[in-house]
Structure formats: C-alpha cells, structure tokens
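Take a look at the structure set out below.
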Amino acid sequence: MIATLARRASPVLSLTAQGVAPAPLQRQATPSAASEQVEDGACACGGGCPRCAGASSLVAKLADRGQFGEPAPDAGVTRPGAPLPYREATELAECIRIMGEANTAYCRQEVLGEKPTVPQRKLTVNVTKLDGSTRSTSVADASAIFRAAADFSIEPGKAETLNRTESEALIGSDLTLDEYSSVGTPTAEETALTARNRSVGTITVYLVKALSAGSHGEAFWPSGFPTVPASVVIKNGDSPFVAGKPLAHELGHVLLDDGSHPAEVTNLMSYSHTGVGLDASRMSKARSSAFVK
Amino acid sequence: MPGSDNDIDLQATWQSFLDALESADLEEMRRLVEESVAEWLATLSGGLEAATLRKLAAQWRMWRFRVVDGRALQPGQETVQALLGPEGKEHVLTFRRAASGWVIEHWQPGL
C-alpha cells in the first residue's frame, strides 16, 4: 500500500514543492530551511495570504501531540511541540489533502521523515484454521491496513488448526461453510463453528475453504447477531481484493458493529477491491471498540 | 424504480439464470453470463458440477435481489448493478445489455 500511495502522491507533491521553493520534498535540516521557520504559527508573508492561513491552522493542529503523535525525534529544525517550518507545514497539509486524514501518519513519515509510531492500541484475534483452508494464520496484511487507517495493530491470540475429522464435524464433508441468508439467523454450521476457540472479549477468525453461496467472507457483528460471539469467516485467497482487505473488512464490521457498506470506493468498508482507508467517524469508532485495547 | 419494464427484464434474466443452474443447463447458463463469470462459477462449483449448481441456485433464490439504489433504469442504459444477499455481505452483480437481452458481465462475491 505504501508504494502505491507514494506513486500517487509524488507527482502532485513535487509540483507543490516547485511552487513553494526549488527544493526536494525531503526534510532538510539546513540553515536555509531553518531560515524559513515559522515562529508562533506566523507565516513568512505575515500571515495574510490564504496559503498561510491554512498553514497556520495546520501548525496549531500539529502542535497538538495528542492528535498527531510524537513530533519528529530527529528534528534539527523542529523541536517537539514547536511549530513546523512553513515549507514542511505546506507540504504536509497538501499530502494530507491528497491522501486523506486516514493517511496522516504516512504523510508525516514521508514529509517530515518521522519514524512510524508504534500503535498503542491492539486488537487481539484468535484464529481457527479448518481443513481445506490454504491461508496462513498470519494476520499481518490486515494489521497493516488497520495501522494505516486507524493506528492500531492486530495481534494473533490463540491459534488452532483443525484436522479433517474435526473440520468435517463442524462444517460437513464438503468443508464448505453453510452461510447465513439473513442477518441475525446463523446456520447450524455457523453456530457450531463460532463456538470454537473463544476467549472473553476477543474476536475469533475462522479460515475455511469456501462459503456455500460463494461469499468471500462474512462477519457476525454483535448487534446483528446477538446469539453468536463476535466472529469473522474468510475463504481461501484475497483476489480480486488487495491483500488483507477481506479480513480487515470483516473485522471492521465487528469493530463498527455495523453491516453496511459505504459508497466511497476508498473506504475499507466499501465493496471496492482496493479501498482500505477509513473516514474519520469509522476510524474513531473502530479505535474505541471494546475489542481494541 | 422496481416494477419498470427494464427492472422486470432484469429480474426475469436473474430468474432464468437461477433456472439454468437448477437444471444444470450449462448452455443456457453460458448464454446469460460472460466468460469470466462462467469461470468463477466453475471454480465455485467444482467444475460446474450439477449438484453444487443446484445448491447454489437454491441458496441464491432465497436471497434478496435488487437493483442498486432501486432507481429506474433509463432507456438505452447499457449496464446496471444489482445487489444479491443479506446486509453485510451483498454480492455485486453487473448486468450488461446485449442484443439477446441482459447478461451478467461481472460478479463480485460478497464480503
């Protein structure tokens, strides 16, 4: 994802840089850069132009360490909590405008050279792999999506791999999960499956060969399925979706306690193959889910 | 708007497709879908195995099928999307108007 974002961002950001100064985008702790530093949020032009008005607003936001994380530890120009130089503030604002607020951490890394912050919050998931599933039990791809979109990571909890006999006892000899046809009404196979590998306050991920109606995955979110513990099911393979999206998407339904799909194709919760971002409302709700600790 | 002539045509195409699966009429099924959809169905059904096709048809027949947004199709409109299934994992089907009627051009599995 990062490589994709970088390819998208670079041309536009380069143009912006050319419009401001003939310098590359990378942070440069040089005297010339320091000479452009904005003091107390003021702009080099005195603060009157529209660009500076926006930069001042951004500087105030960036000074809020609670919202944007720790300032650059290697800052030769900017000390923690201090206003950003004009050029960096402008480029960062442009990056965030283009990439969306969900990618603020990425922009800060690219523009300011900050090291990625280690997410403070974690979602622990148990994983049960049934016979016929060819998936890795790793949740790394989905974790990367949530790190970028909502600044928390996914950690594997209790993992188990079921043999053929155990798997058939749960979902039948075809190893294909009989999937629900209406919200709130799980099938017998789903009820049996989702009783496996539980821990209090934890979502369990079930990896199966296939689902009976051809769905790529499904989620049991608390308000939609009050009789089923919080669970998601994923079939083999992520294609045609980008790596990690199916699992992150299904976990999103549980974290958001919502089965809906927004129209915005960049949104993780949309049907789109590539959307992995979260809007501010969903990001906040996901982060505040009881499952994210 | 549901009930319009075009919407009725689309619903009729969908029912014909389910009938073809149910009776394992592969020739009729292929007439109603693009090649890529037929390939996906083959993957899903162990190579278009008759019993599995019947199971799929039975399940999809129980599922809600509706044109996206419920908007009326416009005269001359060449493609339209429909949603199949319950909230939380609707499949997204794209229909294309062909000389012989609507065909399923693309099928995105629900998630």
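Bear in mind these aren't lab numbers, they're just calculated from the coordinates by the rules spelled out. What you are looking at is a predicted structure, and each value in this text was computed from that prediction instead of being measured. Backbone-built Cβ (ideal geometry, glycine too); neighbour counts: all protein chains shown.
Short to long, the 5 Å bins of the Cα pair-distance histogram for segment A:82-210 hold 2, 10, 15, 15, 13, 11, 8, 8, 7, 6, 4, 2, 1 percent of all pairs.
Placing a label point 7 Å from the Cα of B:THR79 along the Cα-to-Cβ direction, the residues of segment A:231-272 whose backbone N falls under 15 Å from that point are A:272.
Between helix B:5-22 and chain B there is an angle of about 0 degrees, using the helix long axis and the longest principal axis of the Cα atoms.
Consider a paramagnetic label point 7 Å from the Cα of A:THR137 along Cα→Cβ; state which residues of segment A:171-201 have an amide N under 16 Å from it. Under 16 Å, as judged by backbone N against the label point of A:THR137, lie A:196-199 of segment A:171-201. Built from the Cα atoms of segment B:17-111, the convex hull projects on average onto 6.1 nm², one quarter of its surface area. Within chain B, what is the longest stretch that has no GluC sites (Glu not before Pro) placed in a DSSP loop and near at most 13 other beta-carbon atoms within 10 Å? That would be B:1-48.
If the cut-off is 30 Å between C-alpha atoms, which lysines fall inside it for A:LYS129, apart from same-chain ones fewer than 8 positions away? Of all the lysines, those that pass the test against A:LYS129 - Cα under 30 Å, at least 8 places apart if same chain - are A:LYS158, A:LYS209, A:LYS235, A:LYS245, A:LYS285, A:LYS293, B:LYS55, B:LYS89.
Per the Debye formula on identical point scatterers at the alpha carbon atoms of segment A:192-291, with no solvent, log10 I(q)/I(0) at q = 0.11, 0.20 Å⁻¹ is -0.31, -1.04. For segment B:34-111 versus segment A:117-162, the inter-centroid distance based on Cα atoms is 31 Å. Hull volume per residue, based on the alpha-carbon atoms of segment A:141-217 and their convex hull, is 128 Å³.
Given the convex hull over the Cα atoms of segment A:94-162, what projected area results after averaging over all orientations, in nm²? Convex hull of Cα atoms, orientation-averaged projection: 5.6 nm². The label-point distance for A:THR227 and B:ARG31, in a model that sets each label 7 Å from Cα toward Cβ, rounds to 4.3 nm.
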